[in-house]
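Undergrad: The structure that follows is given in the form of structure tokens.
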Amino acid sequence: LATLASGRSGTGLIRGGALAIVDGRIAFVGREEDLPSRFQADEEIDLAGRLVTPGLIDCHTHLVFGGDRSNEFEARLAGADYEAIAKAGGGIQSTVRATRAETEESLVASAAKRLNSFICEGVTTIEIKSGYGLDYETELRMLRAARRLGQIYPIDIVTTLLAAHTVPGDQERATYLNLVTEKIIPRAVEDGLADAIDGFCDSIGFSSEELQRVFRRARELALPVKVHADQLSDAGGAELAAQFSALSADHLEKTGAAGVAALARAGTVAVLLPGAYFDLREKHLPPIEQMRTMGVRIAIATDCNPGSSPLVSILTAMRMAAVQFSLSVDEVLAGVTREAARALGRHAETGALEVGKSANLAIWNVERPVELVYWMGSNPLFSRVWRGKKTSLTGSIDWGWRASNAP
Ligand code: NIG
Ligand code: FE
């Protein structure tokens, strides 16, 4: 058992372990010979030496969206620049156009295909952001689609309102910011659609000053904050996150020393997104050594989105984080379990094999944690348990073709 329990070193490995589940919760974790006899189970499964980890957690995705951006990917391969594409009305704006044209049902259908990839890789909790609607109706529709996915599929979905992703092409900055703070955020809260509020603090998003307003509103309505911080430039995103005691600051490629210190003081989790780093051929590494020295907690996520990170594999993100960011296997494992749970404010509930937590497990056909990071493009998942129930990994989602998926 790689317990990832806090207070244990490394992955908190227990050899010859046993785990008992009662009513969907972990009731015992320890060595098999220490298993109390009262846990003589109704059902006992011998895993024959396989590795068990907490169910994986992807704490940063944009899983719900319309269309795709494969055309822009081709343009980027031919030398076009991500930021320049965005400034010319492509990028996020092009996904906004495609997303506004979708119904809640069609958003659910296209996201379900991507969600299936995560479920098949042992993910039991996933965060989904809005941010491709950028108007009242579509932002709420995206969140409803995300909530709906959580009602249909065996996975916990945490939703984040990212109306402050960028200014929509058809609006003034000030008018749009007003709409966000006065209408979209209050309505999302009223309808219980958002678990957190996010904002993109960068050259193609919003300034730190602009986001102060958005986050003050979030605070007034008692919602926690997350920040897309300092991806393309050091825009003060990490300091902003710290100021609002954000659950997480994400990206952080261009964050300076002051930003890291602020995150450390605030206890905000740094979420690293190796897929976006890879796809944008970023050269500037996030300040990982400073994060370690200052004791900033590090999580890893896919940032699954149609533009900068069309990545539907948490195992690949783990691999990329290890190689590109020189994270250890222990750091990588913690980054997609215990620390990812903390980045979502769900660490009391999931992210480690500890008594009382939800019985979310990934069971792997490997002997040692390193093997989950070592292989590229193989999926050694043996079985997955969500809220104490074994989930069938095949067949429940139709991967059928829809011609309207084309952009
Ligand atoms: O996390 N950084 C901002 N937003 C998303 C991707 C935006 C897009 O290109 O669609 C991200 O990388
Ligand atoms: Fe993102």
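Undergrad: Report the residue count in region 234-265 for those that are within 16 Å of ligand 1 (Cβ to nearest atom), more than 23 Å from residue 61 (Cβ to Cβ) and under 20 Å from the mean Cα position of the chain (by Cα).
TA: Going through region 234-265 one residue at a time, the tally reaches 0.
Undergrad: Pairs only if they're at least six apart or on different chains, beta carbon under 7 angstrom, first in region 165-185 and among the hydrophobic types (A, V, I, L, M, F, W, C), second more than 16 Å from ligand 1 (Cβ to nearest atom) and assigned to a helix (DSSP H, G or I); list them, first residue then second.
TA: 167/173; 167/176; 177/213; 179/136; 184/136; 185/217; 185/218
Undergrad: Restricting the search to region 111-136, which residues are among the polar types (S, T, N, Q) and open to solvent by less than 10 Å² (accessible area, probe 1.4 Å)?
TA: 124, 125, 130
Undergrad: Considering only region 187-210, how many residues are over 22 Å from residue 173 (Cα atoms), within 20 Å of the chain's Cα centre (by Cα) and free of Cβ contacts under 8 Å to residues at least 40 places away in the same chain?
TA: Total satisfying the criteria: 1.
Undergrad: Could you go through region 244-261 and let me know if any residue there is open to solvent by less than 30 Å² (accessible area, probe 1.4 Å) and of a type in the set (Ser, Thr, Tyr).
TA: yes
Undergrad: Just the residues that are more than 15 Å from ligand 2 (Cβ to nearest atom), out of contact with any Phe, Trp or Tyr (no Cβ under 7 Å at 6 or more places or on another chain) and open to solvent by less than 20 Å² (accessible area, probe 1.4 Å), please, taken from region 137-156.
TA: Hits for region 137-156 are 138, 139, 140, 143, 145, 149.
Undergrad: Test of understanding: among 307, 345, which residue is open to solvent by less than 10 Å² (accessible area, probe 1.4 Å) and in a loop (DSSP other than H, G, I, E, B)?
TA: On the way: 345 fails: open to solvent by less than 10 Å² (accessible area, probe 1.4 Å).
Only one candidate qualifies: 307.
Undergrad: Since residue 83 meets every condition but one in (1) over 23 Å from residue 382 (Cα atoms); (2) buried (at least 24 other Cβ atoms within 10 Å of the Cβ), which condition does it not meet?
TA: Single failed check for residue 83: (2).
This table checks each residue for (1) hydrophobic (A, V, I, L, M, F, W, C); (2) touching a helix residue (DSSP H, G or I) at 6+ places or on another chain (Cβ under 7 Å).
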| site | (1), (2) |
| --- | --- |
| 109 | yes, no |
| 133 | no, yes |
| 139 | no, yes |
| 157 | yes, yes |
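Undergrad: Can you find a residue that is under 20 Å from residue 158 (Cα atoms) and among the β-branched types (Val, Ile, Thr) anywhere in region 326-336?
TA: There is at least one residue in region 326-336 that is under 20 Å from residue 158 (Cα atoms) and among the β-branched types (Val, Ile, Thr).
Undergrad: Taking region 206-243 on its own, how many of its residues are open to solvent by 10 Å² or more (accessible area, probe 1.4 Å) and within 19 Å of residue 341 (Cα to Cα)?
TA: Matching residues across region 206-243 total 3.
Undergrad: On the given criteria, is residue 11 crowded, with 20+ Cβ neighbours inside 10 Å, under 26 Å from the mean Cα position of the chain (by Cα) and away from ligand 1 (no atom under 16 Å from the Cβ)?
TA: For residue 11, the condition - crowded, with 20+ Cβ neighbours inside 10 Å, under 26 Å from the mean Cα position of the chain (by Cα) and away from ligand 1 (no atom under 16 Å from the Cβ) - is met.
Undergrad: Somewhere in region 290-301, is a residue under 24 Å from residue 165 (Cα atoms) and open to solvent by 10 Å² or more (accessible area, probe 1.4 Å)?
TA: Yes; the residues of region 290-301 include at least one that is under 24 Å from residue 165 (Cα atoms) and open to solvent by 10 Å² or more (accessible area, probe 1.4 Å).
Undergrad: Mind telling me which of the residues 99, 53, 95 ends up being touching a residue at least 40 places away in the same chain (Cβ under 8 Å) and more than 13 Å from ligand 1 (Cβ to nearest atom)?
TA: Every option except 53 fails the conditions.
Undergrad: Just to check your reading of the model, which residue among 63, 56 is in contact with a helix residue (DSSP H, G or I) (Cβ under 6 Å, 6 or more places away or on another chain), within 16 Å of ligand 2 (Cβ to nearest atom), of a type outside the set (S, T, N, Q) and closer than 28 Å to residue 126 by Cα?
TA: On inspection, the qualifying residue turns out to be 63.
Undergrad: Any idea how many residues of region 161-205 are open to solvent by 40 Å² or more (accessible area, probe 1.4 Å) and within 15 Å of ligand 1 (Cβ to nearest atom)?
TA: Selection size over region 161-205: 2.
Undergrad: Could I ask something else about it? Return yes or no: is residue 355 surrounded by fewer than 24 Cβ atoms within 10 Å (Cβ to Cβ) and within 16 Å of ligand 1 (Cβ to nearest atom)?
TA: The answer is no for residue 355.
The values are calculated or read from the model by the stated rules, or taken from the named source; none is laboratory data. A quick note: this is a predicted structure, and the numbers were derived from the prediction, not measured. Here Cβ is always computed from backbone atoms with ideal geometry, including for glycine, and neighbour counts include all displayed protein chains. Just so you know, the surface numbers come from the protein's heavy atoms only, side chains and all, with ligands and any DNA or RNA stripped out. Shrake-Rupley method; radii C 1.70, N 1.55, O 1.52, S 1.80 Å.
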